[in-house]
1. Report the residue count in segment 39-59 for those that are of a type in the set (D, E, K, R) and within 11 Å of the ligand (Cβ to nearest atom).
2. Which of the strands (runs of 3 or more DSSP E) found entirely inside segment 390-489 contain at least 3 residues meeting this: crowded, with 24+ Cβ neighbours inside 10 Å and within 13 Å of the ligand (Cβ to nearest atom)?
3. Only one of GLY33, GLY70 is at positive phi and within 16 Å of the ligand (Cβ to nearest atom); which?
4. Give LYS167, LYS229 a once-over and let me know the one that is among the charged types (D, E, K, R), surrounded by fewer than 16 Cβ atoms within 10 Å (Cβ to Cβ) and either farther than 30 Å from LEU79 by Cα or at pLDDT below 95 (or both).
5. Determine which member of the set SER137, SER219 is among the hydroxyl-bearing types (Ser, Thr, Tyr), in a loop (DSSP other than H, G, I, E, B) and either in contact with a Ser or Thr (Cβ under 8 Å, 6 or more places away or on another chain) or in the same structural domain as ASN321 (by TED's automatic domain parsing) (or both).
6. If you check LEU122, LEU144, LEU118, LEU111, which single one turns out to be in the same structural domain as GLU368 (by TED's automatic domain parsing) and more than 29 Å from the chain's Cα centre (by Cα)?
7. What is the residue count in segment 241-271 for residues that are assigned to a strand (DSSP E or B) and away from the ligand (no atom under 13 Å from the Cβ)?
8. Restricting to segment 235-255, give me the number of residues that are buried (at least 16 other Cβ atoms within 10 Å of the Cβ) and over 30 Å from the mean Cα position of the chain (by Cα).
Amino acid sequence: MSAPQAVSKDAKVVVVGAGFAGLSAVSTLVQAGFQQVKVLEANGRVGGRVCTTKPFTRNIIELGANWIHGQKGNPLFQLAKKNNLLSEEADEDDLDDYFFKEGGKQLSDKLGEKVTALFEKLISKASDSKIDRKYRSLSLGDYLDAAFAESSLASSGDGPRIFEWCKRNECTNEAASSLFEVSAYQLSEYIELDGEFYNCLGPGGYQALLDYLMKDLPSGIILNNKAVKSIQWDLKPQGGSNHPVKLICEDDEIFEADHVIVTVSLGVLKQKAATMFEPSLPQSKLTAIEQLGFGTVNKIFLCFNERFWPEDCEGIQLVWNEGPEDKSVYTSHSEGEAWKETWYKKICGFDSVARHPTVLCGWIAGREALHMETLQDSEVKDTCLRLLRSFTGWSVPDVSKVLISRWGHDSRVLGSYSSVPKGVNGFEKQKELGEPLPLQRKASDSKPLQVLFAGEATHENFYATTHGAYLSGIREAQRLINHYSTKKK
Ligand SMILES: Cc1cc2nc3c(=O)[nH]c(=O)nc-3n(C[C@H](O)[C@H](O)[C@H](O)COP(=O)(O)OP(=O)(O)OC[C@H]3O[C@@H](n4cnc5c(N)ncnc54)[C@H](O)[C@@H]3O)c2cc1C
């Protein structure tokens, strides 16, 4: 973090939201010497989409973010490493995914490895802007299908089915109902940092990183259970107040500010942006909010009294019989609501969970994940047990405890993370989303930098991640620091 600089100690700054973006913003401002800063957080806890819990044993479960993605240039990886917060558990290279077909037949490891390796290669090509020109205007799903059709694995018995599994699995990375909705070429704007992609945190999980960020903050700076209802900006001096921004909370408490940094999720903005701001947001920002994607990914944790899967099994993956020709099964625009009856087909599989030898974690994304949220825990649990029993043919005991995330219906998030839909210029829209208000000094009496925007969805290269959120908070804090440093010169 940069060295403290001379800033206006009197500038009143309010940060809305205490996820990674809000916490990095406030800690950067405090370190730089800002003294009148407050964070208003709607929930009774900090962290937002980072939610470290202990529902089963003394060991943690991450209901939201779990990994730090990439090492080189990842500030959260560096923070975690410097403070000994990374997992010290041995690398689990000797573990394998077990792929099962409908009806209890296990697929060959070799075929699974070959198809997943090809899939990774195709995705990497898209991420590195190296996909053939002919594929560039396609959706990610269409590009993958076309490229796979050129491979010998396309005619290798179960190859196409495993490839469909890979696509379903990729939906969790994209928080999408279907890869046919996601842009192939836009993937290249997302930068995958070098080094191991899946870095695990130690026994304290992501909460330990949040605690680290908060450790030097003055007490009382974060106000919990303080949901902001509306933000009035561009106010002219009146009745002794010279602050251009006023925040009104759901409990009617009012906060005045010179600057507000809004870090609420894109999901919350999609639902509330039209009514939350007065005057309303400029059209460019409203369009960015509407056009960028914000999908749902959920986790289903099943805790058993005893382990029934082998020690070397990293995950039990479910390969359905539908092949690539069944595109409509996974497109959100398919007719009718029949897909609700088969929502469980979107569950990719059940992965083993660090420090929990008897817990499996099921993953589900998209509209099916949202639909799953409407069901009772018991129904979801029974469905998962049915799948595990029928796919593996193993003797699977009953589940003793279950924990299911419901991010899509969490009114403080309304989804899981952002993505770039097909046909949308992600880079441009993310930039517009992150632009501060007023857009320019349209009139000399409008104060600059009244409403600033941070949060993962505003990061052009690291969207959908914790480090993207973290860096976006620093970016906006630094914008204010620069503003006051320049003013002093
Ligand atoms: C299931 C899941 C798995 C994930 N896995 C990973 C992973 O492994 N690695 C990774 O890098 N990323 C992962 N992510 C994404 C990552 O969690 C997010 O990108 C990141 O945490 C977003 O941080 P943020 O600060 O932008 O937003 P948030 O964390 O959403 O913070 C916004 C805050 O604003 C608050 N708020 C909302 N409305 C109001 C209001 N009106 N007034 C006041 N406060 C309000 C919210 O309560 C919240 O605390 C995952 C996310 C999910 C859901």
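The values are calculated or read from the model by the stated rules, or taken from the named source; none is laboratory data. In this text, all values refer to a predicted model and were calculated from it rather than measured experimentally. Ideal geometry is used to build each Cβ from the backbone, glycine not excepted, and the neighbour counts take in all protein chains shown.
1. Total meeting the criteria: 3.
2. 417-419
3. Within the list GLY33, GLY70, the selection yields GLY70.
4. Values: LYS167 fails: surrounded by fewer than 16 Cβ atoms within 10 Å (Cβ to Cβ).
Result of the check over LYS167, LYS229: LYS229.
5. Values: SER219 fails: either in contact with a Ser or Thr (Cβ under 8 Å, 6 or more places away or on another chain) or in the same structural domain as ASN321 (by TED's automatic domain parsing) (or both).
Among SER137, SER219, only SER137 is among the hydroxyl-bearing types (Ser, Thr, Tyr), in a loop (DSSP other than H, G, I, E, B) and either in contact with a Ser or Thr (Cβ under 8 Å, 6 or more places away or on another chain) or in the same structural domain as ASN321 (by TED's automatic domain parsing) (or both).
6. Details: LEU122 fails: more than 29 Å from the chain's Cα centre (by Cα); LEU144 fails: more than 29 Å from the chain's Cα centre (by Cα); LEU118 fails: more than 29 Å from the chain's Cα centre (by Cα).
Result: LEU111 is the single residue among LEU122, LEU144, LEU118, LEU111 that is in the same structural domain as GLU368 (by TED's automatic domain parsing) and more than 29 Å from the chain's Cα centre (by Cα).
7. Here is the first cut: in segment 241-271, the ones assigned to a strand (DSSP E or B) are 241, 245-249, 254-257, 259-262.
Subset that is away from the ligand (no atom under 13 Å from the Cβ): 241, 245-246, 254, 256-257, 259.
Count: 7.
8. 3
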